[in-house]
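Everything on this sheet refers to the single structure shown next.
Every read-out reported here was derived from the displayed coordinates using simple, explicitly stated rules and does not represent laboratory data. Since this is a predicted model, take the numbers as computed values, not measurements. Ideal geometry is used to build each Cβ from the backbone, glycine not excepted, and the neighbour counts take in all protein chains shown.
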């Protein structure tokens with residue numbers, strides 16, 4: 001199994017396509033006065049891995065539970081696997097999707113296979129033995145079928161829960177914090193499984209606050225903090241939120257950096273970072289770099305490096321969450 | 001989607017497998033019946049047949065009453081655990097995310113408590129009758145084997161169990177603590193036993209008509225209790241703890 005992703009073979013479907021796996025429009029859930037999430041709208045295409053990020057209490061799990069028909073929305077609408085969300089459509093929707101809650105919730109006195117057999121019955125699946133075998137093979141647990149779930153490690157339990165979620169070949173797989181509380185090795189195992197599923201074209205709705213996880217696994221991500229703050233591909237979000245910049249490191253501080261950088265073409269501004277390097281906001285890094293290098297040489301600067309700065313999804317996330325905190329303070 | 005016995009069967013099978021590996025359930029299913037067969041045996045074998053009619057009736061009534069407390073108490077322990085226990089273990093949410101209907105879940109849970117209770121209660125009653133036939137004074141045995149007494153036991157065992165189970169599941173859907181649910185359920189399971197007690201002690205003469213009438217009433221109450229529990233079963237509150 002590979003953990004590297006190749007996005008080139010598929011792209012998220014556009015909003016205009018009618019066959020989206022998930023269409024959410026202005027969905028809101030309130031518990032009395034408390035707003036769990038508000039006016040949330042997005043679409044997820046079939047075969048897409050969609051990351052749903054947000055801090056604790058942002059409403060991620062409540063959103064999943066609402067889309068999973070466990071919770072009734074206060075307002076708004078949603079179409080899940082082609083079925084409009086309503087009080088009557090709950091069982092039909094639940095028959096087409098699978099939800100893996102944050103806690104695996106296994107019957108600990110039953111064996112792995114017995115756990116899956118129970119859920120095969122709940123989905124009214126035929127060829128139960130075959131389905132169970134396939135699900136266990138998918139998570140590399142065929143040799144643990146007869147183990148009692150209470151004796152399994154946390155990582156293995158998570159894999160059993162994943163096998164359970166795959167049992168019915170769901171049209172949409174909702175994973176709520178699938179690596180929460182797992183050690184790095186177990187986390188890597190789960191990631192590998194998700195990559196395999198992604199390559200098989202399974203539509204996955206992944207809630208997480210592990211940003212590297214979202215960046216690694218998801219075609220697109222949405223950032224929720226009660227309201228939806230941003231949605232797009234991780235690289236798009238970085239570009240939307242941060243201006244492009246070049247980081248210039250010199251052997252010693254420049255005598256008059258303003259005279260070196262001001263007025264250079266493609267350079268919109270500059271700043272001195274706490275580490276002593278110069279961060280230049282540029283319109284086009286490739287076009288700006290030669291002029292900056294020439295200007296530094298003219299100023300007799302000892303150039304150590306000129307490099308484009310990279311913002312991670314974590315930077316995007318923190319920027320948005322911090323904005324939210326500031327807004328609440330105001 | 002219509003009512004599915006396959007889904008009911010899936011939960012029922014899971015419950016029965018779980019019982020077999022759950023020491024608490026095994027102890028409840030084995031020690032309680034032993035206790036409830038010992039006490040009536042003592043009553044029956046210590047009756048002085050020459051005593052007054054009222055005392056004689058009281059002894060017989062008490063011994064038969066033990067047989068009907070059993071189907072009230074045994075399922076109460078299981079049914080009280082049925083929903084709140086799943087919540088505590090974190091297994092309720094995965095079940096509720098499947099296509100299962102509330103009615104299917106409730107029927108499965110009720111059957112999972114009902115079937116073992118019925119088996120244990122009838123087996124214990126059979127042992128009791130066998131012991132009476134073999135060792136009790138013929139005068140005592142004749143009274144115990146009266147048609148109306150047998151009818152009361154056979155009819156009311158499932159009906160008392162049914163009440164106890166629905167009371168237990170109702171309490172279990174509203175409580176957040178297993179022990180508190182079990183204590184409340186034991187109390188809630190006793191009212192039907194009181195009616196049976198009146199018949200066993202001959203306070204109410206257990207004629208065939210009265211027995212069948214009361215059994216019919218209790219059956220109706222059990223049916224209404226099922227619908228009441230179904231109305232109480234709120235997925236949102238069970239999953240989030242609030243509404």
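Taking 7 Å along the Cα-to-C-beta vector as the label spot, tell me the residue A:143-residue B:131 distance in nanometres, rounded to one decimal.
The answer from the label model is 5.3 nm.
Given the C-alpha centroids of the stretch B:168-201 and the stretch B:71-125, what is the distance between them in whole angstrom?
Taking the Cα centre of each part, the stretch B:168-201 and the stretch B:71-125 sit 14 Å apart.
Compute the angle between helix A:154-166 and the longest alpha-carbon principal axis of chain A, please, reported from 0 to 90 degrees and rounded to the nearest 10.
Rounded to the nearest ten degrees, it is 70.
Once every DSSP H run of n ≥ 4 in the protein assembly as shown is given -39500 (n - 2.57) and the sum is divided by its residues, what mean residue ellipticity at 222 nm do you get, rounded to the nearest 500 deg cm²/dmol?
Working: 23 runs with 317 residues, N = 573.
Computed ellipticity for the protein assembly as shown at 222 nm equals -18000 deg cm²/dmol.
Over all directions, average the projected area of the Cα convex hull of the stretch B:157-243 and note it in nm².
Computing the convex hull of the Cα atoms and averaging its projections yields 6.1 nm².
Which number comes out as Rg/Rh for chain A once both Rg and the Kirkwood Rh are worked out on C-alpha atoms?
Reported Rg/Rh (Cα atoms, Kirkwood Rh): 1.08.
What value in Å³ per residue do you get for the convex hull of the alpha-carbon atoms in the stretch B:1-71?
112 Å³
With r as the distance between the Cβ atoms of residue A:305 and residue A:153 and R0 = 45 Å, compute the FRET efficiency 1/(1 + (r/R0)^6) and round to 0.05.
FRET efficiency, residue A:153 to residue A:305: 0.50.
Over the stretch B:5-240, with a single point scatterer placed on each C-alpha, what log10 of the ratio I(q)/I(0) does the Debye formula yield at q = 0.09 1/Å?
-0.40
Indicate, rounded to the nearest 5 percent, the antiparallel portion of the DSSP beta bridges found entirely in chain A.
Restricted to chain A, the bridges split so that about 65 percent are antiparallel.
If you take all C-alpha pairs in the stretch A:58-189, what percent of them are over 19 Å apart?
The proportion of pairs with Cα distances above 19 Å equals 52 percent.
Can you quote the Å³ per residue value for the convex hull of the Cα atoms in the stretch A:194-300, rounded to an integer?
Per-residue hull volume (Cα only) is 158 Å³.
Can you give the FRET efficiency for residue A:272 and residue B:26, using 1/(1 + (r/R0)^6), R0 = 60 Å, r = Cβ-Cβ distance, to the nearest 0.05?
0.25
For the stretch A:82-238, give the share of DSSP beta bridges that are antiparallel, in percent and rounded to the nearest 5; count only bridges with both residues there.
Beta bridges within the stretch A:82-238, antiparallel portion: roughly 40 percent.
Given the stretch A:243-308 reduced to its alpha-carbon atoms as identical point scatterers, what log10 I(q)/I(0) does the Debye formula return at q = 0.29 Å⁻¹?
Log10 I(q)/I(0), no solvent term: -1.60.
According to a simple spin-label model (label point 7 Å from Cα along Cα-to-Cβ), what is the distance in nm between residue B:180 and residue A:294?
About 7.8 nm separates the two model spin labels.
With springs only between Cα atoms under 10 Å apart, run a GNM on chain A and tell me which of A:170, A:104, A:91 wobbles the most.
Of A:170, A:104, A:91, the most mobile in the Gaussian network model is A:91.
Would the stretch B:76-156 count as rounded, prolate or oblate if I go by the C-alpha gyration tensor, calling it rounded below 1.5 in a/c and otherwise prolate when a/b exceeds b/c, oblate otherwise? If you can, show how the numbers build up before the last one.
On the way: a/c = 5.07, a/b = 3.31, b/c = 1.53.
The shape class here is prolate.
With r as the distance between the Cβ atoms of residue B:5 and residue B:119 and R0 = 30 Å, compute the FRET efficiency 1/(1 + (r/R0)^6) and round to 0.05. Present the calculation step by step, with values, prior to reporting the outcome.
Numbers: r = 20 Å, r/R0 = 0.67.
Taking R0 as 30 Å, the efficiency between residue B:119 and residue B:5 is 0.90.
So, in Å, what gap is there between the alpha-carbon centers of the stretch A:37-78 and the stretch B:1-53?
Measuring centre to centre over Cα atoms gives 45 Å.
What per residue convex hull volume, in Å³, do the alpha-carbon atoms of the protein assembly as shown yield?
Normalising the Cα hull of the protein assembly as shown by residue number yields 189 Å³.
Determine the equivalent ellipsoid of the stretch B:103-150 by diagonalising the alpha-carbon gyration tensor, then write out the semi-axes as square roots of 5 times the eigenvalues, largest first, rounded to whole Å.
Output for the stretch B:103-150: semi-axes of 33, 11, 4 Å.
Taking the Cα-to-Cβ direction at residue B:141 and at residue B:210 and moving 7 Å from each Cα, how far apart do the two end points lie in nm?
For the pair residue B:141/residue B:210, the computed spacing is 2.8 nm.
Any idea what angle helix B:178-188 forms with the longest principal axis of chain B, computed on alpha-carbon atoms, 0 to 90 degrees, nearest 10?
For B:178-188 against chain B, the angle is about 40 degrees.
To two decimal places, what compactness ratio does the stretch A:34-118 give when its Cα radius of gyration is scaled by 2.2 N^0.38 Å?
Normalised by 2.2 N^0.38 Å, the Cα Rg of the stretch A:34-118 equals 1.25.
Measure nothing fancy, just the Cα-based angle from helix A:128-138's long axis to the longest principal axis of chain A, in degrees from 0 to 90, nearest 10.
Compared with the principal axis, the helix lies near 20 degrees.
Two decimals is fine: what's Rg over Rh for the stretch A:150-193, C-alpha atoms, Kirkwood radius as Rh?
0.97
With both bridge residues required to lie in the protein assembly as shown, what share of the DSSP beta bridges run antiparallel, to the nearest 5%? Before the final figure, lay out each step's value.
Values: 34 of 52 bridges.
In the protein assembly as shown, approximately 65 percent of DSSP beta bridges are antiparallel ones.
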